[in-house]
Amino acid sequence: MLLLNQRPEHNQPLVAADAESLGMAGGERAERYLKARHDDAETPLHALPALAGELGIAALHVKDEGQRLGLGSFKALGGAYAVMRLVLEEAGKWLGRDVDIGEINDARVRQIASGMIFVCATDGNHGRSVAQGASLVGARSVIFVHAGVSRERVAAIARFGAEIVEVEGGYDHAVREVARVGAERGWKIVSNTSWLGYERVPGLVMQGYTVIVRETLRRMAEPPTHVFLQAGVGGFAAAIAGHMAVMLGSRRPKAVVVEPKRSACVYASAEAGRPVTIGHQQPTVMTMLECAEPSLVAWRVLARVGDAFMTVDEEDAVAVMKRLARPLGSDPAIVSGESGGAGLAGLVRAAGDRHMRKALGLDRHSRVLVINSEGATDHGRFAELVGMAPEEVFLQTA
C-alpha cells in the first residue's frame, strides 16, 4: 500500500521546537558529544550497484548502522546521547554554571550522575542504548521490557548493569507503565516516543540520530533523490527526513516512510490526518517496528517532510535480509536484522510496481539512500531467518 502525503502542512517549515532539535546547531552538538566517546567510529556507507541495476535506478547506497558503537543499532546514537545531555544539565544546576561534554568524567559530575535513575521502555535496541549511556556516566538505569523482547536482547541490556522490569502486553503498554512509574518515583524518563506534555527528551533522542545524516552526506558526491525510512513510532524517520530538509532545503530527497503492514500506525495516522492508535495486530517479524501509536513529535515532523507512506509484508523483510547477506556482483554482504532492512524492502516493492514508481518519481536517474538500522541484535533469530550465522556473512567481506 502506498499513500502520498496530502496534508495541508506538507512541505511547510518545521515548527520552531522541531527546527531547533533537528537543526544544524543540534546536529553539530550531537556530533561533538559522539566524538567525546572513546568508542566513536563512523559507520560505513555502501554502494550496491548490482541491486541498483536490478531495481532500475541509477544508484543505491546503504548506511550500515549495524556497526554503531558496539550496540548493533542506530539507537546507540539516541538514548545514550539524551542520557549524557540530561546528566550535564543536572550537573549544571548543582554547580551553578554550564557543564560541557568535556567534563562528563569529572568526579563532581559523576557523583551527581550516581544519584540519577534513567528509565525507558524498549523493544530491545533503545533500552540497550539508555542502559549503556547510564553506565558510561555512572548513573543507574531501569528498563521495562514486554513479552515480545527476546531473551538475547534482554541479556544484552542487562550486561550494562540495568535493572530489568518485565511487563505484560506490548511495547505501547510498557511505555505507559514507564510514564506512570517514572513520574511516581521521580526517575528520568528517556523515551524514544512522545506524548502530550512530554516532548523535549524524545526530541533529544531524535537529535542524536541526525549524526547519521551528517556522516552520510559528507560521503556522497551528490545528495540522494529518494530516501526510504522505516518507522515504528516514527522518531527515526522524522529525525532523518527532518535534518535532511534543514541541511538541503529545496534539494531534499523525497522521503518515503515504510512500516510493517501488521503494525502501521504512522500510515494509519496519515490516512486519518491525525495521530491514531491502531488495534492489536498479529506480531510482525520486524519486531523493532511493532508500535501501535506514533510519537507526537515524529508525526508533526513527518506531516511536513514525509512525502509518502507505505507498508511491506513479512516476506518482504525476510527477503531483504537474505539478499543483503548473499549479494550479487560487486555488492558487499551486509548483516541486517529483522527490522534493519525494512526501508530497503519498501524500495524493492515500490521499484517493482509501475504505479508506485510513477507516483514516487523513481526512474533510471534516481539515487536512493536506505539505512540498515540494525544488525543481528538477536543472532539466533537472524540465523533462523537467513540460513546463515552473522559471522558467516561477515566472512564474505573479509
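The values are calculated or read from the model by the stated rules, or taken from the named source; none is laboratory data. All values reported here derive from a predicted model rather than from experimental measurement. Glycine also receives a Cβ, built like all others from the backbone with ideal geometry; neighbour counts cover every protein chain displayed. Each accessible area value is taken on the protein alone, full model and side chains, heavy atoms only, with ligands, DNA and RNA left out. Shrake-Rupley method; radii C 1.70, N 1.55, O 1.52, S 1.80 Å.
Among the residues of region 86-101, is any in contact with a strand residue (DSSP E or B) (Cβ under 8 Å, 6 or more places away or on another chain) and open to solvent by less than 10 Å² (accessible area, probe 1.4 Å)?
We begin by selecting, within region 86-101, every residue in contact with a strand residue (DSSP E or B) (Cβ under 8 Å, 6 or more places away or on another chain); these are 86.
Now drop any that are not open to solvent by less than 10 Å² (accessible area, probe 1.4 Å), which leaves none.
Taking every residue of region 86-101 in turn, none turns out to be in contact with a strand residue (DSSP E or B) (Cβ under 8 Å, 6 or more places away or on another chain) and open to solvent by less than 10 Å² (accessible area, probe 1.4 Å).
Out of all the residues in region 227-273, which are in a strand (DSSP E or B) and open to solvent by less than 10 Å² (accessible area, probe 1.4 Å)?
Correct list: Val227, Phe228, Leu229, Gln230, Ala255, Val256, Val257, Val258, Glu259, Pro260.
When you look at Tyr171, is it crowded, with 17+ Cβ neighbours inside 10 Å and either in the same structural domain as Glu31 (by the TED database) or more than 21 Å from Ala238 (Cβ to Cβ) (or both), yes or no? Don't jump to the end; show me each part of the working.
Values: crowded, with 17+ Cβ neighbours inside 10 Å: yes; either in the same structural domain as Glu31 (by the TED database) or more than 21 Å from Ala238 (Cβ to Cβ) (or both): no.
No.
Based on this model, can you work out whether Ser114 counts as of a type in the set (S, T, N, Q) and open to solvent by less than 20 Å² (accessible area, probe 1.4 Å)?
Values: of a type in the set (S, T, N, Q): yes; open to solvent by less than 20 Å² (accessible area, probe 1.4 Å): no.
So Ser114 does not fit the description; no.
Is it the case that region 207-227 has a residue that's of a type in the set (Ser, Thr, Tyr), within 17 Å of the chain's Cα centre (by Cα) and closer than 19 Å to Ser129 by Cα?
To start, the set of residues in region 207-227 that are of a type in the set (Ser, Thr, Tyr) comprises 209-210, 216, 225.
Those left that are additionally within 17 Å of the chain's Cα centre (by Cα): 209-210, 216.
The next check asks that each one be closer than 19 Å to Ser129 by Cα; those that pass are 209-210.
Yes, that holds for at least one residue.
Kindly indicate whether Arg219 is modelled with pLDDT of 95 or more, under 24 Å from Gly337 (Cβ atoms) and open to solvent by 20 Å² or more (accessible area, probe 1.4 Å). Spell out the reasoning first.
Values: modelled with pLDDT of 95 or more: yes; under 24 Å from Gly337 (Cβ atoms): yes; open to solvent by 20 Å² or more (accessible area, probe 1.4 Å): yes.
Yes, satisfied.
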Condition set out of contact with any strand residue (DSSP E or B) (no Cβ under 9 Å at 6 or more places or on another chain) and open to solvent by less than 30 Å² (accessible area, probe 1.4 Å), scope region 321-357, selection farthest from Asp123 (Cα to Cα): answer is Ala333
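Find the helices (runs of 4 or more DSSP H) located wholly in region 1-95 whose residues include 1 or more that are touching a residue at least 12 places away in the same chain (Cβ under 8 Å) and not assigned by the TED database to the domain that holds Pro275, and list them. First the steps, then the outcome.
Numbers: elements: 16-21, 24-35, 49-55, 79-95.
Answer list for region 1-95: 79-95.
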Of the listed residues (Gly242, Gly234), the one being within 11 Å of the chain's Cα centre (by Cα) and at pLDDT 95 or above is Gly234
Taking the condition open to solvent by 10 Å² or more (accessible area, probe 1.4 Å) and assigned by the TED database to the domain that holds Ala376, does Val276 pass? yes
Identify the single condition in (1) over 23 Å from Met206 (Cβ atoms); (2) assigned to a loop (DSSP other than H, G, I, E, B); (3) open to solvent by less than 10 Å² (accessible area, probe 1.4 Å) that Val109 does not satisfy, given that it satisfies every other one. (2)
Please specify each residue of region 38-75 satisfying the condition of being of a type in the set (D, E, K, R) and surrounded by fewer than 17 Cβ atoms within 10 Å (Cβ to Cβ). Asp39, Asp40, Glu42
Please go through region 279-303 and pick out each residue that is assigned to a loop (DSSP other than H, G, I, E, B) and either outside the structural domain of Ala317 (by the TED database) or closer than 21 Å to Met206 by Cα (or both). Met286, Glu290, Cys291, Ala292, Glu293, Pro294, Ser295
Restricting attention to region 360-380, does a residue exist that is out of contact with any strand residue (DSSP E or B) (no Cβ under 8 Å at 6 or more places or on another chain), free of Cβ contacts under 8 Å to residues at least 60 places away in the same chain and assigned to a helix (DSSP H, G or I)? no
Listed by range, strands (runs of 3 or more DSSP E) wholly within region 113-213 having at least 3 residues that are closer than 22 Å to Glu89 by Cβ are 117-122, 140-146
